[in-house]
Amino acid sequence: MLIKNIRIENSSETTDIRVQDGKFERIAKDIAPLPGEEVIEGKGRMALPPFIESHVHLDSALTAGDPCWNLSGTLFEGIECWSKRKDKLSKEDVKERARMAVRKQAANGIQFVRTHVDVTDPTLIAMEGLLELREELKGIVDIQIVAFPQEGIQSYPNGEKLMENAVKMGADCVGAIPHFEFTREYSVESLNFAMKLAEKYGKLVDVHCDEIDDEASRGLETLACRAYEAGMGEMVTASHTTAMHSYNNAYVTKLFRLLKMSKINFVSNPLVNTHLQGRMDTYPKRRGVTRVKELLAAGINVSFGHDDIFDPWYPLGDGNMRDVVHMGLHVCQMMGYEEILNSYKLVTHNAARTLHLSNYGIEEGNPADFIILDAENFYDALNEKSAVLYSYRGGKLIASTAPAAKTVHF
Ligand code: FE2
C-alpha cells in the first residue's frame, strides 16, 4: 500500500509512505507505485501515530444512569451509584461494556489503552472479564490492565492478597490509592507494598495518587522516593495528583527536585477532575487539575487520560482523546500557538513512554500503526474537531469515518 502526499505529524511538507508486510517500509518524497499496488491519496492531510488512552476505567464504562444518575455530580454520590450497579456485575456484563467502549475508542483513532480495574472485590470478576478482552483484542487495540484497589489496600479486607492474586492472574501494572486509605500510615504502607509487589513480579506501577483537594495528601513524595531509590522511575506513573494543585509553592519547589530525579511519569485527567474536584469549595473554586504546564517545563513526562466514560463519575464522553486535549489545554492554561499545535503529543508520544510501548511512531521499520486526520495540522484538527478518517494497525484498516458534510445556505 502506498499513501501519497501525507504530512507526518505537523510537517509543513508532504511525503509518501509505503506500507509492506505490516510495516513502514519506506518514507520518502515521490515514491512511484509498484504494479498493482493500492494507492491512497493523502491530499495533504496529517498522519499521526495512533492515539493512546493512558488512563481509563473500562470496568465501569457506559453505566451512567444505571440504576441511578449521579445528580450532585460528586465523587461520593458516584461511589453510591456504583455500589448499586456493582450488585449486577458479571464477567459478561463487564466484557460487553468494555468491548463497546473500546470500539468507540477505536473509532476515534485509539489503538493502545491502559485501563484500571477494581480489584477490591473478592470474586475479581471484572479482572477476569478484562483479561479475556485483552486477549480477544490483542494486535487490534492493545489493552494494559492495572490492578486498581478502589477501596484501598491496607483499608480493605485481604487487600494485599487480592492485589497479588490480580497480578498472578495477569495484570500488567500494580495500582494503589494512598489518599483513600484510612490513615497516613496505611497510605505509606500501601505504596511500599505496591512498589515491592511490582518489583517482585516485574510489573509497571500506576497509582491513583492524591486525587483529592487536600493539600496535606502527600502520597506522591513517597511514591517518587520509592521509585527513585529502586531505580524504577520510568516504570512508575502517578495518575491524577490533583492535590498538587493545592500544595503551597515552597513545597512544590522542593518536591519537583525529587520528581525530576525519580523520572516517574504523570497522567492528568482534565475532563473528570475539572468535573469532580473543588466540590467542597464555595468560591473561589479550585480547578483541581495537577500542574501539567510546570511538570512539562521541568522536563517531566505527562500524558492526558479520559479516566471515566459515561459512568457514575462522569456522565459524558465517547472515548475521544481530542475532547480530553481540548479541555486540558484550557484548564491548564496551555493555549500558546506551539502548545496547541503540539498538544497531540500528550495523547501519543508522551503516553507511549508511560505505557512503555516500543517501536511506536511513523518511522521506517516500525509496525504500520497510524491514523489519518481530516486536517493539515493538529492545531486545525483540534479547532475544527476533525474526524480520524482512517486508523491502520499493522497496515490493516481497523476503523474509518466519513467526514460530515456541512452546507450553509446563505
Ligand atoms: Fe482514575
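Numbers below:
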{"read-out": "Matching residues, the range 231-290, being away from the ligand (no atom under 16 Å from the Cβ), touching a Phe, Trp or Tyr at 6+ places or on another chain (Cβ under 7 Å) and under 20 Å from Leu355 (Cβ atoms)", "value": "Ser262"}
{"read-out": "Filter pass, Arg18 being basic (Lys, Arg) and either on the phi > 0 side of the Ramachandran plot or open to solvent by less than 40 Å² (accessible area, probe 1.4 Å) (or both)", "value": "yes"}
{"read-out": "Number of positions in the range 189-208 that are more than 11 Å from Ala230 (Cβ to Cβ), out of contact with any Pro (no Cβ under 7 Å at 6 or more places or on another chain) and more than 16 Å from the ligand (Cβ to nearest atom)", "value": "7"}
{"read-out": "Selection from the range 183-206 of residues that are hydroxyl-bearing (Ser, Thr, Tyr) and open to solvent by less than 60 Å² (accessible area, probe 1.4 Å)", "value": "Thr183, Ser187, Ser190"}
{"read-out": "Residues of the range 119-139 classified as within 17 Å of the chain's Cα centre (by Cα) and touching a residue at least 60 places away in the same chain (Cβ under 8 Å), total", "value": "1"}
{"read-out": "Residue count for the range 124-168, restricted to those that are at pLDDT 95 or above, farther than 30 Å from Ala47 by Cα and in a loop (DSSP other than H, G, I, E, B)", "value": "9"}
{"read-out": "Set Gly78, Gly65: member being assigned to a loop (DSSP other than H, G, I, E, B) and either within 16 Å of the ligand (Cβ to nearest atom) or at pLDDT 95 or above (or both)", "value": "Gly65"}
{"read-out": "Checking Lys43 against (1) assigned to a loop (DSSP other than H, G, I, E, B); (2) open to solvent by less than 30 Å² (accessible area, probe 1.4 Å), the condition it does not meet", "value": "(2)"}
{"read-out": "Strands (runs of 3 or more DSSP E) contained entirely in the range 314-410, each with at least 1 residues that are of a type in the set (Phe, Trp, Tyr) and in contact with a Lys or Arg (Cβ under 6 Å, 6 or more places away or on another chain)", "value": "none"}
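Rundown of residues vs (1) open to solvent by less than 90 Å² (accessible area, probe 1.4 Å); (2) modelled with pLDDT of 95 or more, yes/no style:
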residue	(1), (2)
Glu364	no, yes
Phe370	yes, yes
Asp380	yes, yes
Ser386	yes, yes
Tyr390	yes, yes
Gly394	yes, yes
Ala405	no, no
Phe410	no, yes
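The values are calculated or read from the model by the stated rules, or taken from the named source; none is laboratory data. Keep in mind the model is a prediction, meaning the values are calculated, not measured. Note: ideal-geometry Cβ built from the backbone for every residue, glycine included; neighbour counts use all protein chains shown. Areas reflect the complete protein model, heavy atoms only, side chains present, ligands, DNA and RNA absent. Shrake-Rupley method; radii C 1.70, N 1.55, O 1.52, S 1.80 Å.
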